[in-house]
């Protein structure tokens, strides 16, 4: 048997419930089943009670997790590369977390290729990211918007579009009698709106609650329930419990699901909902929309970032896509400029009313088409093998260690 490819991964811990952690686990699970890979993972983005290297029974000797704070640091990366001798380095999430890594790309790429799994939220083209993009051998992009950005900002870097996927065997429509039983026990005949996001500023959590109350004023406070799978006290967001108290939504109009739950239980929440909402002002992908459509529950989303390619195939909509009512140019020291897309209260309330007034059969049809869209364009059985193809291609094309094919210096005539 050929020697297994050893991939060093920097990402959220694969047991983390975050979108980044979930996608990393999907990729590792698929590649591990091929028997051709080993993984050295820096398990970041969570607090660790123990920083000793970890093994996970499911993967045996083929995976070692090194717990780190944040996503690690230069010395940890140097040490692991030298001691573990991976064949390539793969890392995922927002580039703002990795400037320290690209600072030593000359050291890393002298030995192994770097593959960056990239997400970006919006235009204009972030030309300030060019030095980061140019510091990789390959960039895999998770949305069509991100793909377009990389192609324009760094056209000489190899780019491949591989969007997120979900396990469609877990995220699927349940039997009608199962859904009816859960709904009757918890919601009676109410219209159920589901919101699954982190309670953070860009997710517009406070607006969702406030505007939902406006929707209730039109249809009746006893006609609908908003279920929010989030931490209402998250320090990165608003105190949602204070908001619902202020609005008088204290009789079950808003319910919180605060425990971390496995995917099969999360799928139940999507199933009992009539519609899922995501109106983030910046959303690189928006996994809750994809999970919802896979469960045949239509969605209401802001037409921004990766959400806009999920809610429609260009002809049909699988719910309602709300065009932003305002676009502000915001930024920071790290991100000098980027658009922030906001929907209006009026458009959001009208979208809820439209979905509320549809028959259950009409909503079911939107959901059915949504799942077809997921199976066609975000199917893990199609997308996950692309990672196998990519890693094999990178190893053959760019090599590692003794076979490394990387030109560190360019000579130009002045």
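Tabulated data for the structure shown
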| read-out | value |
| --- | --- |
| Any hit, the range 294-304, residues being closer than 30 Å to residue 131 by Cα and either touching a strand residue (DSSP E or B) at 6+ places or on another chain (Cβ under 6 Å) or outside the structural domain of residue 20 (by TED's automatic domain parsing) (or both) | yes |
| Helices (runs of 4 or more DSSP H) contained in the range 119-218 and holding at least 3 residues under 24 Å from the mean Cα position of the chain (by Cα) and at pLDDT 95 or above | 130-133, 144-153 |
| Members of the range 267-285 found to be assigned to a helix (DSSP H, G or I) and over 13 Å from residue 228 (Cβ atoms), listed by number | 267, 268, 270, 271, 272 |
| Pick from the range 147-159, criterion touching a strand residue (DSSP E or B) at 6+ places or on another chain (Cβ under 9 Å) and within 17 Å of residue 135 (Cβ to Cβ), ranking: surrounded by the fewest Cβ atoms within 10 Å (Cβ to Cβ) | 151 |
| Condition met for residue 65 (more than 19 Å from residue 102 (Cα to Cα) and in contact (Cβ under 8 Å) with a residue 40 or more places away in the chain) | yes |
| Subset of the range 112-146 (residues that are surrounded by fewer than 18 Cβ atoms within 10 Å (Cβ to Cβ) and within 17 Å of residue 77 (Cβ to Cβ)) | none |
| Selection status of residue 86, on the phi < 0 side of the Ramachandran plot and at pLDDT below 95 | no |
| In the range 321-334, the residues that are under 17 Å from residue 281 (Cβ atoms) and touching a helix residue (DSSP H, G or I) at 6+ places or on another chain (Cβ under 7 Å) | 321, 322, 325 |
| Matching residues in the range 254-270 - criterion: being touching a helix residue (DSSP H, G or I) at 6+ places or on another chain (Cβ under 6 Å) and surrounded by fewer than 23 Cβ atoms within 10 Å (Cβ to Cβ) | none |
| Residue count for the range 286-305, restricted to those that are in contact with a helix residue (DSSP H, G or I) (Cβ under 7 Å, 6 or more places away or on another chain) and in a loop (DSSP other than H, G, I, E, B) | 6 |
| Whichever residue in the range 249-263 is modelled with pLDDT of 95 or more and assigned to a loop (DSSP other than H, G, I, E, B) and, among such residues, is farthest from residue 197 (Cα to Cα) | 249 |
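The values are calculated or read from the model by the stated rules, or taken from the named source; none is laboratory data. Only a predicted model underlies this, so the values are computations on that prediction, with no experimental measurement involved. All Cβ positions, glycine included, derive from the backbone under ideal geometry; neighbour counts span all protein chains shown.
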